[in-house]
Amino acid sequence: MMWWRNTELGELAPLAGSLFHTCPLIPGCNSLAPLLGIWYNEQKRQKGYLLMKKWFVWPVLLAGVLCACGAQPTGQSAVTLPMNTERPVVADLPADEAGPTPEPTPAAETTLTAADLTLEEKVGQLFIIRPDSLDLTLPQEQIDDAKADGVTELTDAMRDALQKYPVGGVCQFGKNIVDPEQITAFNAALQEASDIPLFISVDEEGGAVARLANKDTFDLPRYESAAAVGAEGADAACAMGQTIGGYLRTYGFNMDFAPDADVNTNPDNPIIGTRAFSSDAAEAADCAAAMARGLAGEGILPTFKHFPGHGDTAEDSHTGLAYSYRTVEELTACELLPFEAAAEVGPRAVMVGHIVVPELTGDLPATLCADAIALMPDAENTLIVTDSLAMGAITDSYTPGEAAVQALQAGCDVLLMPDGLADAYDAVLAAVQNGTLSEDRLDRSVNKILRMKAQFCA
């Protein structure tokens, strides 16, 4: 999909030069190779580097077509355009800049980095939003309301909004999904409209939380619950991940907010319950990791949730803060085990819940607490995502801008569905410009995001 989005212009310039060099239709074209290289090096230093790719690629392709049509057979191999046709596999995520350097892969060689983006683009990459947020005429109440009408296609006004707020991804909800044809076209249109590949995500856990499978317009396998699958063991959980990942990829998704990695230890929990694989920490860990492997094997980025554990709470964070009165030692022995297992899976994201652990976080939700994020296993190689910032647990006490900035200060990488995109975006941009957030801190998260996209958004 859109291979050139993940291809450096520096690779295209010599390619074009090679094509022109061998072209029998245009005399003297071999002299264009060095000129293209000079042109590329100059243009890369200018703003608009990413947009430039859109119109530079077409002359390259045209040259290739002309040359291929007019070339005489020779003993030389044909020039092949650099396309990433391999599905991502579960493998260790490349370490941050300070860590050991892994062996290069085709994806890594063509990955964008923070250095290629403008400040505005970097800030945009931090956000995954509801697609409704791209319709700037909609009130936030309608955007957040699951029962209200949702946007189901991309309009020109939404395309303009995506240029103004170059977000890193969207999350589709039931109200945005009509049938297979509609969601496939909608997701494709979103990708086409974005200069940088998007995370296109969904909550497809299996069981009660399944935005696609639970719609009658889809003929998809339905699961009773994660708990029912967990009772069958890790192999069943892996098979569920493969099944869900397979159909999500078919419809244009590349990220799933699953598996639920909570340990269901509180029978009075109003929100987790059978969404968890087990009340036994070891079994929950095995099954969550197995489902994640199944998803990743099908090209879907898995997201373990809800760190540091929502299973022992008695509150619903959609409406207010949830509380866990575990000690750090108790968390380590139980709730954190699935997240330890996550660190062994390979590329993954982890969603942080709006959960107060008084001994660890004081009065803060884990989402906004650096001490909580510091407990994340292998945090440097984990894409750390907030739970929805439009939940009551956040909106009751924080403005969209305050929540966004504090979540980044705490160590989160992705800001999920702020309660007001413009306010949150502007606040983060201002925080970087005034030094509240350093650009180095911003770049660390952006580079994580882009590395994941190289593997799952190709």
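The values are calculated or read from the model by the stated rules, or taken from the named source; none is laboratory data. Quick caveat: nothing in here was measured; it's all calculated off a predicted structure. For neighbour counting, all protein chains shown are included, and Cβ atoms are generated from backbone atoms with ideal geometry for every residue, glycine included.
Side notes on the structure shown:
- Filter result (surrounded by 18 or more Cβ atoms within 10 Å (Cβ to Cβ) and in a loop (DSSP other than H, G, I, E, B)) within region 426-451: L437
- Only listed residue being out of contact with any Phe, Trp or Tyr (no Cβ under 7 Å at 6 or more places or on another chain) and free of Cβ contacts under 8 Å to residues at least 40 places away in the same chain, chosen from D413, D396, D371: D371
- Among residues of region 292-324 being of a type in the set (F, W, Y) and crowded, with 24+ Cβ neighbours inside 10 Å, the one that is nearest to H354 (Cα to Cα) is F307.
- Filter result (without any contact (Cβ under 8 Å) to a residue 60 or more places away in the chain and surrounded by 23 or more Cβ atoms within 10 Å (Cβ to Cβ)) within region 234-271: A237, M240, I244, G245, L248, D256, A258, P259, D260, N264
- Counted as qualifying within region 370-421 are the helices (runs of 4 or more DSSP H) with 1 or more residues that are out of contact with any helix residue (DSSP H, G or I) (no Cβ under 6 Å at 6 or more places or on another chain), surrounded by 20 or more Cβ atoms within 10 Å (Cβ to Cβ) and assigned by TED's automatic domain parsing to the domain that holds T332, namely 392-395, 400-410.
- As for region 139-147, it holds at least one residue that is of a type in the set (K, R), in a loop (DSSP other than H, G, I, E, B), assigned by TED's automatic domain parsing to the domain that holds L301 and within 26 Å of G273 (Cα to Cα).
- Residue within region 269-276 that is in contact with a His (Cβ under 6 Å, 6 or more places away or on another chain) and assigned by TED's automatic domain parsing to the domain that holds D116 present: yes
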